[in-house]
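Worksheet: one structure, shown below.
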Amino acid sequence: MSDSLPLLLRAARGESVERPPVWMMRQAGRYMKVYRDLRDRHPSFRERSENPDLSYDISMQPFEAFQPDGVILFSDILTPLPGMGIDFDIVESKGPLIQDPIKSLAQVEALRPLQPEESMPFVGEVLSRLRESVGNKAAVLGFVGAPWTLGAYVVEGKSSKNYAVIKAMAFQQPELLHRLLDHFAESIATYLRYQIDSGAQVVQMFDSWAGQLSPLDYDTFAAPYQKKVVDLVKATHPDTPMILYISGSAGVLERMSQTGVDIISLDWTVDMAEGCARLPKHMGVQGNVDPGLLFGTPEAIRDRIDDTVRKARGRRHILNLGHGILPGTPEENGRAFFEAGKTVMDRIGTAG
Ligand code: CP3
């Protein structure tokens, strides 16, 4: 019976629902005390995300605290890299570090196609345990990084301000970069299929740094690889809703809708009503609430949620932030976001 399926899954599929489902990017993480305490006991990010017991427990922390409508796997977009032959670490206050950044054709040719069941069985285990635990009370979300954003990390070697290293590659040796992006597209599609087969019911692709590209270069280096991932996954798993997120996407919204995904996750630099007007009617929207709002009052949070939900009316809509919840956010404001999200219809009514 489709009514018994999780609200987020029904909404993502375009069924009419009683209220927009709500979850938060980075809903498990440093703003939560239980997470910080666990991190003190297990200081290695790789351990927290690759030990299935820890990854499971962390994924469940926000569900236990706030009952969001979606439970996202605790992992990272970089987690598949070692399975392709690229080592990485995530260092406190520095972010991701790649020991041996990709510079040459020989390195790209040496990359292995990802075989997730061999190199990352912990992901499959966690996803199936999450499904068993949350049942129909929430949807289990899987995710990947898109080729351009993964490329940015492995070519730059770390988080970047201006993307000068990967842009040097793009504009000096475009064939080399295309080889790398194509490798990632194939492997990321395989990885998404594995996540769906293991229990992910909705999946999100993060091309977080594709907003750093001019629209022309987005069409060259980001969109075709997003589309390749979507086409490969939709060929075998047509019923799994796919969400695409880009930070700084206001200049490429229409282009994002051409990739074949079902839902566009907006950041907060575009008004929800104007964002909707720029997207085809059949496409869903997610996000849009400034994560900085969670440093405000509960009233401010509630008012902005009401505004966002009103503006997204008539579309499939998943309530979320416009990017991950920020470290240092008061935990009670995280709770206020979920509570205000779940009660939005009591305030704005269902009509009109
Ligand atoms: O959303 C969730 O709760 C699931 C977990 C998740 C993490 N990373 C855990 C994490 C998800 C979905 C990601 C995706 C991710 N990772 C993205 C795309 C989303 C986005 O933010 O745009 C990107 C670009 C990365 C790469 C990455 N990983 C960065 C830039 C950092 C450091 C960020 C910082 O603020 O220091 C990480 C580390 C990371 N991944 C943390 C978490 C909770 C923080 C480190 C920690 O908890 O020790």
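The values are calculated or read from the model by the stated rules, or taken from the named source; none is laboratory data. Remember, it's a predicted structure, so these values are computed and weren't measured experimentally. We place every Cβ from the backbone using ideal geometry, glycine too, and count neighbours over all the protein chains shown.
Could you figure out which of (1) away from the ligand (no atom under 12 Å from the Cβ); (2) in a helix (DSSP H, G or I); (3) under 27 Å from residue 117 (Cα atoms) isn't true of residue 11? Looking at each condition in turn, residue 11 falls short on (3). Of the residues in segment 155-175, not one is within 30 Å of residue 61 (Cβ to Cβ) and either buried (at least 19 other Cβ atoms within 10 Å of the Cβ) or more than 15 Å from the ligand (Cβ to nearest atom) (or both).
When the residues of segment 188-222 are filtered to those that are among the polar types (S, T, N, Q) and within 13 Å of the ligand (Cβ to nearest atom), the one that is farthest from residue 153 (Cα to Cα) is 195. Working carefully through the options 152, 139, find the one that is crowded, with 21+ Cβ neighbours inside 10 Å and closer than 20 Å to residue 233 by Cβ. On inspection, the qualifying residue turns out to be 139.
Mind listing just one residue for me: the one in segment 105-117 that is in a loop (DSSP other than H, G, I, E, B) and without any contact (Cβ under 8 Å) to a residue 60 or more places away in the chain and, of those, nearest to residue 85 (Cα to Cα)? Top of the filtered list is 112.
Each residue in segment 35-72 was checked for being under 19 Å from residue 93 (Cα atoms) and either part of a helix (DSSP H, G or I) or touching a residue at least 60 places away in the same chain (Cβ under 8 Å) (or both), and 12 of them qualify.
Among the residues of segment 22-34, the ones that are touching a residue at least 60 places away in the same chain (Cβ under 8 Å) and more than 9 Å from the ligand (Cβ to nearest atom) come to 4 in all.
The single condition among (1) in contact (Cβ under 8 Å) with a residue 60 or more places away in the chain; (2) within 16 Å of the ligand (Cβ to nearest atom); (3) crowded, with 18+ Cβ neighbours inside 10 Å that residue 79 does not satisfy is (1). Inclusion of residue 75 among residues that are within 26 Å of residue 263 (Cα to Cα), of a type in the set (S, T, N, Q) and not in a loop (DSSP other than H, G, I, E, B) is not warranted. Against the conditions (1) at pLDDT below 95; (2) under 21 Å from the mean Cα position of the chain (by Cα); (3) not aromatic (Phe, Trp, Tyr), where does residue 6 fall short? Just the number, please. Failing condition for residue 6: (1).
Table: residues versus (1) touching an Asp or Glu at 6+ places or on another chain (Cβ under 9 Å); (2) within 18 Å of residue 155 (Cα to Cα); (3) of a type in the set (S, T, N, Q).
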position: 67; (1), (2), (3): no, no, yes
position: 77; (1), (2), (3): no, yes, no
position: 88; (1), (2), (3): yes, yes, no
position: 96; (1), (2), (3): yes, yes, no
position: 100; (1), (2), (3): yes, yes, no
position: 104; (1), (2), (3): no, yes, yes
position: 119; (1), (2), (3): no, no, yes
position: 131; (1), (2), (3): no, no, no
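Residue 4 meets each of the listed conditions (1) small (Gly, Ala, Ser); (2) within 15 Å of the ligand (Cβ to nearest atom); (3) farther than 16 Å from residue 142 by Cα apart from (2).
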